[in-house]
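Below is one structure; the comments refer to it alone.
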Amino acid sequence: MSLAYQQLSAFRTSNTTNTRNRSARWISPKAAVIPNFHLPMRSFEVKNRTSTDEIKSLRLITAIKTPYLPDGRFDLEAYDALVHTQIENGADGVIVGGTTGEGQLMSWDEHIMLIGHTINCFGTSIKVIGNTGSNSTREAIHATEQGFAVGMHAALHINPYYGKTSLEGIVSHFKCVLPMGPTIIYNVPSRTGQDIPPTVIQSLAENTTNLAGVKECVGHERVENYTKNNITVWSGNDDECHDSRWEYGATGVISVASNLVPGLMRELMFEGKNSSLNAKLLPLIRWLFCEPNPIGLNTALAQLGVVRPVFRLPYVPLSLAKRVEFVNLVKEIGRENFIGDKDVEVLDDDDFILVGRY
């Protein structure tokens, strides 16, 4: 006789028997319990894996823009053209779904799909680094498992933001994701509200594997601190990357500006100190960051005609005066140095599509 039948029989007996008959025994129903088996997503297959040393050698990594269709979905045709242009102009890697790529506005399904798509189409030509960081350790673990499962070469991880945590908590957070594969840690206190001090990075470098290096936005002194301690570091600031590279020992840059002028940014990182080229690019870089990234980049790419003028809110285009300023910057630097083959133009306010639901 099944347990369920016994329980049902007992229940009926307890309700139909004379209340003076206390001999009937009621059996408590038992809830279905799913065994807590761990089903790991991680694979230890080494075929096609990228070594941490390979990631450490990258000099120009572009934080690639994610373009949209008018309904707010990804424009994969435009995205593929952007990545292909990076490859043609000598970029070593791309960050997919980072701040510049608006990973913060993506669902995790969109996020992992875009990483997988990039690997599938371009993984043999350029290193694909997926931003799978989160302020939730649980989400960071899950996303990183998925990212490596679809083939990304390395992960980008930020420290827990907004809620923040103790320094010991930051170390514990990173220790949960570092074993999965090559990892770049991203330090940008202006966005997270909390600096990752060198002591944390040094502890991780000494006590964990797979730390490829740090994307550092604090400045030259911090960059020099890491290089003196044999920790790979990329400048996270386009306006500082030339000096960080050639005077303070940075390996290279994780760049926003290289979305627009990848060839010139490669020259800046590979061909020796070039103060004149750096000075030529600084007005463009300052323009890009006159409002929080990626507002300037989104506006610029739309005016170059390489992406549709679609913004996922809360991002909105730069003002008309700033859009005019960009056209003048393109003329000064030379249209031939920018991506795309259309004439740069000043877009009107009505040309832009702002999408809140997608």
* What tally of residues in region 218-228 results from selecting those that are outside any helix (DSSP H, G or I) and either open to solvent by less than 30 Å² (accessible area, probe 1.4 Å) or touching a residue at least 60 places away in the same chain (Cβ under 8 Å) (or both)? -> 1
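Looking at region 50-81, which of its residues are assigned to a loop (DSSP other than H, G, I, E, B), of a type outside the set (Ser, Thr, Tyr), buried (at least 17 other Cβ atoms within 10 Å of the Cβ) and over 17 Å from the mean Cα position of the chain (by Cα)? Give the derivation first.
Going through region 50-81, the residues assigned to a loop (DSSP other than H, G, I, E, B) turn out to be 50-51, 57-59, 64-67, 69-73, 75.
With of a type outside the set (Ser, Thr, Tyr) added as a condition, the list becomes 58-59, 64-65, 67, 69-73, 75.
Checking the rest, the ones that are also buried (at least 17 other Cβ atoms within 10 Å of the Cβ) come to 58-59, 64-65, 67, 72, 75.
Of everything in region 50-81, those that are assigned to a loop (DSSP other than H, G, I, E, B), of a type outside the set (Ser, Thr, Tyr), buried (at least 17 other Cβ atoms within 10 Å of the Cβ) and over 17 Å from the mean Cα position of the chain (by Cα) turn out to be ARG59, GLY72, ASP75.
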* Mind checking which residues of region 156-203 are in a strand (DSSP E or B) and among the β-branched types (Val, Ile, Thr)? -> ILE158, THR183, ILE184, ILE185
* To do: Please list, ordered by first then second residue, the pairs with beta carbon atoms under 7 Å, 6 or more apart or interchain, first in region 320-336 and surrounded by 12 or more Cβ atoms within 10 Å (Cβ to Cβ), second small (Gly, Ala, Ser) and part of a helix (DSSP H, G or I).
  => PHE326/ALA300
* Cross-chain or 6+ apart pairs with Cβ under 6 Å, region 154-169 first and closer than 23 Å to GLY93 by Cβ and touching a residue at least 40 places away in the same chain (Cβ under 8 Å), then of a type in the set (D, E, K, R) and not in a loop (DSSP other than H, G, I, E, B) -> none
* To do: Please specify each residue of region 82-114 satisfying the condition of being part of a helix (DSSP H, G or I), farther than 23 Å from SER57 by Cα and open to solvent by 40 Å² or more (accessible area, probe 1.4 Å).
  => GLN104, TRP108, ASP109, GLU110, MET113
* Would you mind telling me which numbered condition in (1) farther than 18 Å from ILE231 by Cβ; (2) open to solvent by less than 30 Å² (accessible area, probe 1.4 Å) ARG138 fails? => (2)
* So GLU206 fits all but one of (1) open to solvent by 30 Å² or more (accessible area, probe 1.4 Å); (2) assigned to a helix (DSSP H, G or I); (3) over 24 Å from PHE174 (Cβ atoms); what number is the exception? -> (3)
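Has region 273-289 got at least one residue that is open to solvent by 10 Å² or more (accessible area, probe 1.4 Å), under 30 Å from ARG357 (Cβ atoms) and modelled with pLDDT of 95 or more? Working first, answer last.
Taking region 273-289 first, the residues open to solvent by 10 Å² or more (accessible area, probe 1.4 Å) are 273-280, 282-283, 286, 289.
From the residues that got through so far, the ones that are under 30 Å from ARG357 (Cβ atoms) too are 289.
This time we only want the ones that are modelled with pLDDT of 95 or more, so: 289.
Yes: region 273-289 contains one or more residues that are open to solvent by 10 Å² or more (accessible area, probe 1.4 Å), under 30 Å from ARG357 (Cβ atoms) and modelled with pLDDT of 95 or more.
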* To do: Could you please find all residues in region 294-306 being out of contact with any Lys or Arg (no Cβ under 7 Å at 6 or more places or on another chain) and open to solvent by 10 Å² or more (accessible area, probe 1.4 Å)?
  => ILE295, VAL306
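Would it be correct to say that LYS342 is of a type outside the set (A, V, I, L, M, F, W, C), surrounded by fewer than 16 Cβ atoms within 10 Å (Cβ to Cβ) and more than 21 Å from TYR68 (Cβ to Cβ)? Break it down into steps so the answer makes sense when it comes.
Values: of a type outside the set (A, V, I, L, M, F, W, C): yes; surrounded by fewer than 16 Cβ atoms within 10 Å (Cβ to Cβ): yes; more than 21 Å from TYR68 (Cβ to Cβ): no.
Answer is no for this residue.
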* Take the residues in region 157-202 that are polar (S, T, N, Q) and closer than 24 Å to VAL128 by Cα, then tell me which one is surrounded by the fewest Cβ atoms within 10 Å (Cβ to Cβ). => THR192
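The values are calculated or read from the model by the stated rules, or taken from the named source; none is laboratory data. Bear in mind the structure is a predicted one, so any value in this text is a computation, not a measurement. Cβ: placed from backbone, ideal geometry, glycine included. Neighbour counts: every protein chain shown. In case anyone asks, the SASA skips ligands and DNA or RNA and just uses the protein heavy atoms, side chains included. Shrake-Rupley method; radii C 1.70, N 1.55, O 1.52, S 1.80 Å.
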